[in-house]
Amino acid sequence: MKNFWAVGEISNSEVTSATPEVFGFVDKVSDDLLAETDLVITGSNILSLCHGFTKFGQALTIMIESDEFESGDAGLIAREIADLAISKKPYLIALPLSPWGQEVAARVAGRLRWPLVTDAIGIETIEDKVVVERMAFGGQSSTKVALPQGSVITVHPHAGKMATPVDITTTLERIEAATSSSDVRKVVEKIIECASEGPSLADSQIIVSGGRGMGNPENFELVKQLAKAMGCAFGASRAVVDAGWVDPSHQVGLTGKVVSPKLYIACGISGVDQHLAGMRTSDVIVAINRDPDAPIFKLATYGIVGDCLEIIPALIETLKYK
Ligand SMILES: Cc1cc2nc3c(=O)[nH]c(=O)nc-3n(C[C@H](O)[C@H](O)[C@H](O)COP(=O)(O)OP(=O)(O)OC[C@H]3O[C@@H](n4cnc5c(N)ncnc54)[C@H](O)[C@@H]3O)c2cc1C
């Protein structure tokens, strides 16, 4: 029996929405290979979270626990996952394409000397091989990779169909982590959560983002107001973050967050590749830009050529009467 491992992520004592997506992504091909998708969860005191992850459809949930996992230390967690993989030999290990997921994935692959395929957007089986489609060049192209047995992948946000809750009995295997922080080299001393405003970019189905075209920090408030009126998160281009108008936790793009909401509204953003790398898989993209030749219009589903400083207040006003 082949086993796929979907590694779940815990943030603020909750299972993140990326977890059922990663599970759903790999589980899609499990039947083709007569494989079983197991869920691997790491953390401290995670049994209390059980209700959040017992119903993805997995036959087996492997919980690796340690008080030292409280901070989500990627080095410690990767070591435990890799050690377990040596004895249990899963066919593949999948993690979310989040900062934590990327760090753990790279370390697990490095320890096991297994190939790592990042940013997976599609999965299929060809003959008896799992073939993963991955984004390349910031999403400008994609490539398909046949995975050898013993591979690690990271899954692009929303690439997987969310696993739907099913009522089956799952076996729980609890493992006390053997590694302690003194066994691994410490690179990150402490992770401090930035105080980002409003809903999180990762979980929002709608994102209103603003760029340098907003002109100044005072005008950027309009982007925040529109996001608030729509009950969603706000994002920003790097130009805005570099200028100090908003906190880096709101940056979307190659060196920021990768998002894939149902609706992405880009206000005063030119749409260069580094920004598009973080949002090009959004379902519907609306661009507002006064330059009709702005590159963002090539990707946008709907384009509005005009001044953000006139259009955004009009949108906010309209939403007030909805
Ligand atoms: C290694 C590297 C990594 C990078 N990573 C990222 C990243 O993660 N994310 C990211 O965003 N960028 C990233 N960048 C920066 C990127 O190359 C661009 O510089 C940046 O995205 C530009 O931001 P912008 O679109 O807000 O600004 P600009 O490119 O200056 O565009 C502003 C747009 O606003 C329009 N405009 C102006 N006034 C108005 C108005 N009143 N109403 C409507 N439209 C108006 C203009 O026509 C223009 O199209 C990276 C760059 C490098 C080199």
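Overview of results
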quantity: Interchain or long-range residues, amide H under 5 Å from THR37's placed H; calculated: PHE4, ALA59
quantity: Charge context of ILE86, other residues only, Cβ under 15 angstrom, K/R +1, D/E -1; calculated: +4
quantity: Sites GLU124 and ALA243 - FRET efficiency at Förster radius 30 Å, r taken between beta-carbons, to 0.05; calculated: 0.10
quantity: Amide hydrogen neighbours beyond the local backbone of LYS161, cut-off 5 Å, H modeled; calculated: PHE25
quantity: GluC sites (Glu not before Pro) restricted to DSSP loop in the range 19-78 with at most 14 other C-beta within 10 Å; calculated: GLU70
quantity: Full-stretch length increase - THR169, GLU218 - with 0.36 nm per residue and alpha-carbon distance subtracted; calculated: 12.2 nm
quantity: Summed residue charge, Cβ within 9 Å of GLY139's Cβ, Lys/Arg positive, Asp/Glu negative; calculated: -1
quantity: ALA277 long-range amide H proximity, modeled H, under 5 Å; calculated: LEU254
quantity: In order through the range 115-123: 3J(HN,Hα) via Karplus (6.51 cos²θ - 1.76 cosθ + 1.60), integer Hz, x for Gly, Pro; calculated: x, 10, 10, 9, 6, 6, 10, x, 9
quantity: Cross-link reach list, lysines versus LYS298, counting only Cα pairs under 19 Å and skipping chain neighbours closer than eight places; calculated: LYS262
quantity: The chain: calculated mean residue ellipticity at 222 nm from DSSP helix runs of at least 4, using -39500 (n - 2.57); calculated: -7500 deg cm²/dmol
quantity: Local electrostatic count at GLU218 - Lys and Arg +1, Asp and Glu -1, tallied over other residues with Cβ under 15 Å; calculated: +1
quantity: Difference of contour (0.36 nm per residue) and Cα-Cα distance, GLN274 to SER71; calculated: 70.1 nm
quantity: Loop sites in the range 99-148: GluC sites (Glu not before Pro), DSSP, at most 11 other Cβ within 10 Å; calculated: GLU127
quantity: The chain - percent relative contact order, Cα under 8 Å, separation 6 or more; calculated: 15
quantity: Trypsin sites (Lys or Arg not before Pro) within the range 59-163, DSSP loop, no more than 10 other Cβ atoms inside 10 Å; calculated: ARG113
quantity: Proximal lysine pairs, the range 2-183, alpha carbons under 19 Å, eight or more residues apart or interchain; calculated: 11
quantity: Exposure proxy order (Cβ contacts within 10 Å, fewest to most) of TYR91, TYR302; calculated: TYR302, TYR91
quantity: Dipole moment magnitude, nearest 20 debye, the chain about Cα centre, only Lys, Arg, Asp, Glu C-beta charged; calculated: 540
quantity: Exposure proxy order (Cβ contacts within 10 Å, fewest to most) of CYS232, CYS267; calculated: CYS232, CYS267
quantity: Sequence of VAL259, VAL284, VAL15, VAL7 once ranked by neighbouring C-beta atoms within 10 Å, starting from the fewest; calculated: VAL284, VAL15, VAL259, VAL7
quantity: Gain in span if fully extended, SER48 to GLU310, counting 0.36 nm per residue against the direct Cα distance; calculated: 89.3 nm
quantity: Antiparallel DSSP beta bridges within the chain, as percent of all bridges there, nearest 5; calculated: 25
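Taken together, the values in this text are just the output of simple stated rules run on the coordinates, not laboratory data. Nothing here was measured: the structure is a model prediction, and the numbers come from that model. Every residue, glycine among them, receives a Cβ derived from its backbone with ideal geometry; neighbour counts consider all protein chains shown.
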